[in-house]
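Report on the following structure.
The values are calculated or read from the model by the stated rules, or taken from the named source; none is laboratory data. A quick note: this is a predicted structure, and the numbers were derived from the prediction, not measured. Heads up, the Cβs are rebuilt from the backbone with ideal geometry, glycines too, and the neighbour counts pull from every protein chain shown.
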Amino acid sequence: MSETDDAAIEGGCNCGAVRYRIEGAPLAVAACHCTSCRRQSGAAYSVNIVAKARHVAIEGPLGAYEDNDTASGKPVIREFCARCGSPIRSVITAQPAIVAIKAGTADNAGDFAPGLHVWTASKLPWVEIPAGLPSFPRDPA
């Protein structure tokens, strides 16, 4: 990737084969509680940096899984490092102008606390959403 600046977010996979750069500020940082995101992340929910697709550049070998278990009926393309399997990006084909980058893969992951929670209708019963954060049973309208 090119040299960094304060407005860019950079990150990558566990083995270093995949690197990305997001230009500018994210649209949102969202915790998704849908079953597919939980399974892909291996956690109670997935924290995602939501960005304009045109602002994201990725280098390195990506594999992909076409997830057809979606509310819209349109697939979500779940991309991961083809070498180590780290989840990197979800391409929401129902909204092709935006993508979700897995926040835990950012070099400065600690800077990306969720600002909202989505698909809370599917959240695990022991997950507590902090008071004051917006939450939506499905995707926000």
Practice task
Kindly indicate the residue of the range 38-54 that is under 15 Å from Gly85 (Cβ atoms) and assigned to a helix (DSSP H, G or I) and also farthest from the chain's Cα centre (by Cα) among those meeting that condition.
Solution key: Arg39
Exercise for the section: Could you check how many residues of the range 28-52 are under 17 Å from Ala106 (Cβ atoms) and surrounded by fewer than 15 Cβ atoms within 10 Å (Cβ to Cβ)? Expected result: 2
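Residues checked against (1) over 21 Å from Leu116 (Cα atoms); (2) of a type in the set (Asp, Glu):
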position: Glu10; (1), (2): yes, yes
position: Gly16; (1), (2): yes, no
position: Ile22; (1), (2): no, no
position: Tyr65; (1), (2): yes, no
position: Pro87; (1), (2): no, no
Practice task
For Ala106, state whether it is small (Gly, Ala, Ser), closer than 18 Å to Ala8 by Cβ, surrounded by 18 or more Cβ atoms within 10 Å (Cβ to Cβ) and within 14 Å of the chain's Cα centre (by Cα).
Solution key: yes
Fill in the blank from the handout: Note on Ala25: of the conditions (1) over 11 Å from the mean Cα position of the chain (by Cα); (2) modelled with pLDDT under 95; (3) not in a loop (DSSP other than H, G, I, E, B), unmet is (3)
Practice task
From the list Ala57, Ala100, pick out the single residue that is under 12 Å from the mean Cα position of the chain (by Cα), in a strand (DSSP E or B) and either of a type outside the set (Asp, Glu) or more than 23 Å from Lys123 (Cβ to Cβ) (or both).
Solution key: Ala100
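Being of a type in the set (Val, Ile, Thr) and in a strand (DSSP E or B) is the filter; apply it to the range 7-22 and report the residue that is nearest to Ala100 (Cα to Cα).
Ile22
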